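Chemist: Here it is, the structure in full.
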Amino acid sequence: MSAEATRPSSDGPASNGPDAGLPGTNLPAARLRERFTVIALGIMALALGYVRFVLLPQQDRPEPLAFHFENPMLDARPGERALFFDLSRPTSKSCSVVMESGLVLRPRKGPERIGGERNLRTAAPYLACSIHDAHRGKETCSARSTQEVLYGLNRFGMPASTKVRVDSIRPRWMKWGEREMPVYRVEFQRYGQLGGRWTTFLAHEAPVAGLVKWTTLLPHQTTVIYRQILESAP
């Protein structure tokens, strides 16, 4: 027998592996199925992780407060007062008392002047208050008035002459006194005197301007407002 007769034919199968020569075998399709299975398992893992670390923790959180801001100054009453002071100077306290003229929504029908304020009939709506030096004891605001301040209804506890640019208003919970209550955190830029970045917290339960406290960046200041009503208030 010649050597050429013992050589394998070049027309035979190129591989002698386990799948060689089996009918219906398609390697690209098998690999595609494997990749699809891996992708599907990855998607399932992501879905389970989302449920575990996102959806389930959210169910344990309390529902967020609904945003329903109403200007607390609209509920101010004549004789209502608030004691305020800087925490860094607790002995220096002042008392703001709503004047008998009270809330002025239509300045054209109000007085032309209050204290040092002039041309009020062309001003924006305001809340007129008298400022007193605060004393210890029952009659905290019994001292003579030192000045009058007009709180602007759209100034978030700031005087009416103040110019502000409000950046955000967000509801939140805050501890005030012995209880926790909903407040509105207002962030704004104040211009002019004491200009800078301010954060104010307002609540309907707080007297006069609704101010619970405010903070400033330069210089840092925190003011806490306490609810006190004069006996003569209705």
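The values are calculated or read from the model by the stated rules, or taken from the named source; none is laboratory data. Given the structure is predicted, the values throughout are model-derived calculations rather than measurements. Positions of Cβ are backbone-derived with ideal geometry, glycine not excepted, and every protein chain shown enters the neighbour counts.
Chemist: Take residues that are modelled with pLDDT of 90 or more and of a type in the set (Ser, Thr, Tyr) and tell me which of the strands (runs of 3 or more DSSP E) falling wholly in segment 150-220 contain 1 or more.
Modeler: Fully inside segment 150-220 and qualifying: 163-176, 179-191, 196-202.
Chemist: Just checking, does segment 28-50 include any residue being modelled with pLDDT under 85 and touching an Asp or Glu at 6+ places or on another chain (Cβ under 7 Å)?
Modeler: Checked segment 28-50: no residue is modelled with pLDDT under 85 and touching an Asp or Glu at 6+ places or on another chain (Cβ under 7 Å).
Chemist: Another one. Return the total of residues in segment 77-119 being within 33 Å of the chain's Cα centre (by Cα), surrounded by 14 or more Cβ atoms within 10 Å (Cβ to Cβ) and free of Cβ contacts under 8 Å to residues at least 24 places away in the same chain.
Modeler: 1
Chemist: Any residue at all in segment 86-98 that is small (Gly, Ala, Ser), part of a strand (DSSP E or B) and over 24 Å from Thr222 (Cα atoms)?
Modeler: Taking every residue of segment 86-98 in turn, none turns out to be small (Gly, Ala, Ser), part of a strand (DSSP E or B) and over 24 Å from Thr222 (Cα atoms).
Chemist: Now for a different question. Filter segment 120-136 down to residues that are of a type in the set (Gly, Ala, Ser) and over 12 Å from Arg81 (Cα atoms) and give me whichever is surrounded by the most Cβ atoms within 10 Å (Cβ to Cβ).
Modeler: Ranking the qualifying residues of segment 120-136, first place goes to Ala123.
Chemist: Right, something else. Give me the pairs, please: first residue somewhere in segment 167-184 and on the phi > 0 side of the Ramachandran plot, second residue anywhere and surrounded by 11 or more Cβ atoms within 10 Å (Cβ to Cβ), beta-carbon distance under 9 Å, and either six or more positions apart or on two chains.
Modeler: Close Cβ pairs (under 9 Å, with a partner that is surrounded by 11 or more Cβ atoms within 10 Å (Cβ to Cβ)) amount to Gly177/Tyr226; Gly177/Arg227.
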